[in-house]
1. Report the label-to-label distance for residue 137 and residue 177 in nanometres (one decimal), using points 7 Å from each Cα along the Cα→Cβ vector.
2. Which far-off residues, 5 or more places away or on another chain, put their amide H under 5 Å from the one on residue 207, with H placed in the peptide plane?
3. Once phi is turned into ³J(HN,Hα) by the Karplus curve 6.51 cos²θ - 1.76 cosθ + 1.60 with θ = phi - 60°, what whole-Hz value does each residue of the range 54-70 show in order, with x for glycine and proline?
4. Percent relative contact order of the range 80-216, based on C-alpha pairs within less than 8 angstrom and at least six residues apart?
5. Along the positive direction of the dipole of the range 103-174 (beta-carbon charges: Lys, Arg +1; Asp, Glu -1; about the Cα centre), which of 167, 117, 149 reaches farthest?
6. Under 16 Å from a point 7 Å along the Cα-to-Cβ line of residue 50: which residues of the range 95-134 have their amide N that close?
7. Once the Cβ-Cβ distance between residue 127 and residue 64 is put in as r, and R0 is 25 Å, what FRET efficiency do you end up with, to the nearest 0.05?
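All of the numbers you see were taken from the coordinates with simple rules; none came from a lab. Model, not experiment: these values are computed from the prediction. Positions of Cβ are backbone-derived with ideal geometry, glycine not excepted, and every protein chain shown enters the neighbour counts.
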Amino acid sequence: MYVAHRFPLGGLWWPTTGEDIRVEDLGTLPGKALLLEAKVPELQANGSHVVTIDIAQLLKYVSSVAPVYYTFPVPPWTGDLASSSWLGIERRADLAYKRAAHRWFGAWTVVCTASALLSHVAPAVGQKHATLKTVPASHWRWQAFWKQFRDCGSATLPSVFLLDGPVQDATRARLRQRLEQLRQARDEERQGQRSAFTESMRDRPRFLYVPDRNSTTPDRYVLAEDGDLSANLADVVSSQQPGSTDSQAEPNHISVCHVPFTVLT
């Protein structure tokens, strides 16, 4: 809901069990996209809250071509929220809005990369699950993460770039520059023609740039083939393989977020 309100022209999509995922699911307009894995803490008998991480799933996310980010709350209360004195006079539903002040969910929700989480939990060989009791050292607060993502991220906050044409020497700065040029071109059109400009963008070929994992230079991107990226995305969001006997396999809570070029400032 927060993402939908902050980026009204963006898209947020949750793959379901057995559903195919295609590159088109990342969005139709030029912009940026990433994958989010939302984790929910579990209440323990002593009143604490812990997050369980599926290691096999985490390893799959680390190797994903499209960057995957884990997001999870760090509850500032003890025990059940409904009976906690921390809630005060607020309704639980109001925690979704900034009017809840310090109780707003964004004040106690963090985001980290899959690789940062892997380094933090440091699983042993053959380990299936890890219990997350502390926040990884490398992380973003919820609101700060989306501000940086809007501004095209950084070397430590990569995404997938969707463009209408190829870019030479594809650094993050050049990719962002191309998105800014598109926004300026649209803004130079008369108000009545903006809709036609946006529609024309949908019919242009799309070029997808993903982080270059083989480069030793930060912020380098490489052109991805639609088929290769589609297969990777399908693998990332796929559920437990049929016939698996691991009854405790962690289900996916992943979503695809795409923010078009029109929100750049």
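1. If labels sit at residue 137 and residue 177, their model points lie 3.5 nm apart.
2. Hits under the 5 Å cutoff: 163, 164, 165.
3. Ordered by residue, 3J(HN,Hα) equals 7, 5, 4, 5, 4, 4, 5, 5, 4, 8, 5, 5, 7, x, 10, 10, 8 Hz.
4. Relative contact order comes out at 19 percent.
5. About the Cα centre, the residue reaching furthest to the positive side is 117.
6. Residues passing the 16 Å test: 121-124, 127-134.
7. 0.80
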